[in-house]
Amino acid sequence: MVIAVDFDGTIVEHRYPRIGKPIPFAIETLQKLHADRHLLILWTVREGELLQEAIDYCASKGLHFYAHNANFPEENRLDAPRKLTADIFIDDRNLGGLVDWEVMYQVITALRKGSTIAPMYNVEEGGNVQRRKQKKGFLASLFKS
Ligand SMILES: [Mg+2]
């Protein structure tokens with residue numbers, strides 16, 4: 001799968017334009033996803049020198065991306081669609097916030113195997129949003145093959 005990953009607030013704590021402390025298991029999980037042959041794209045607001053600092057930071061931890069702010073390394077962003085064609089976006093601005101990296105790994109692995117993830121919320125008539133009740137062991141049940 002093609003996975004686009006944000007940097008500030010996702011791989012490291014949000015201290016833009018500085019680089020924050022590492023978020024636990026972010027680098028390790030991304031390395032594992034890379035080893036599983038997913039294609040990782042760094043997808044960040046950083047450009048120029050600040051982008052290079054993020055790339056260098058990740059490289060110093062042994063994490064290398066296929067492309068940076070692009071679908072592929074040689075892509076001319078002026079001619080490209082504004083949105084990447086990634087399968088999954090990982091971003092601290094996701095609805096619901098940043099999911100624990102270990103859970104992300106399990107969900108991505110399950111999705112690759114063909115699992116579907118049921119929505120976690122229901123919207124009732126009148127617009128009330130209710131979190132769906134989940135059975136005990138709900139996450140574990142997603143990953144049974
Ligand atoms: Mg962010």
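Under the condition of being among the acidic types (Asp, Glu) and under 18 Å from VAL107 (Cβ atoms), which residue from region 1-50 is nearest to the ligand (Cβ to nearest atom)?
Taking region 1-50 and keeping what is among the acidic types (Asp, Glu), we get 6, 8, 13, 28, 36, 47, 49.
Narrowing the set further to residues that are under 18 Å from VAL107 (Cβ atoms) leaves 6, 28, 36.
On the way: ASP6: 4, GLU28: 19, ASP36: 24 Å.
The extreme case among them is ASP6.
Could you run through region 1-42 and say how many residues are β-branched (Val, Ile, Thr), closer than 24 Å to LYS83 by Cα and assigned to a loop (DSSP other than H, G, I, E, B)?
2
Scan region 43-71 for residues that are in a strand (DSSP E or B) and touching an Asp or Glu at 6+ places or on another chain (Cβ under 8 Å) and jot them down.
ALA67 - this is the single residue of region 43-71 that is in a strand (DSSP E or B) and touching an Asp or Glu at 6+ places or on another chain (Cβ under 8 Å).
Among the residues of region 72-83, is any touching a helix residue (DSSP H, G or I) at 6+ places or on another chain (Cβ under 8 Å), outside any helix (DSSP H, G or I) and either exposed (fewer than 12 other Cβ atoms within 10 Å of the Cβ) or modelled with pLDDT of 95 or more (or both)?
Looking through region 72-83, none of the residues is touching a helix residue (DSSP H, G or I) at 6+ places or on another chain (Cβ under 8 Å), outside any helix (DSSP H, G or I) and either exposed (fewer than 12 other Cβ atoms within 10 Å of the Cβ) or modelled with pLDDT of 95 or more (or both).
Are any of the residues in region 51-61 in contact with a strand residue (DSSP E or B) (Cβ under 7 Å, 6 or more places away or on another chain) and under 14 Å from TYR105 (Cα atoms)?
No, there is no match, as no residue in region 51-61 is in contact with a strand residue (DSSP E or B) (Cβ under 7 Å, 6 or more places away or on another chain) and under 14 Å from TYR105 (Cα atoms).
Could you list, ordered by first residue, the pairs with Cβ atoms under 8 Å in which the first is in region 94-121 and farther than 16 Å from PRO24 by Cβ and the second is modelled with pLDDT under 90 and hydroxyl-bearing (Ser, Thr, Tyr), at least 6 apart or interchain?
Matching pairs, first to second residue: LYS113/SER145.
The values are calculated or read from the model by the stated rules, or taken from the named source; none is laboratory data. These numbers were taken from a predicted model, which means no experiment stands behind them. So basically every Cβ, Gly included, is an ideal-geometry build from the backbone, and we count neighbours across all protein chains shown.
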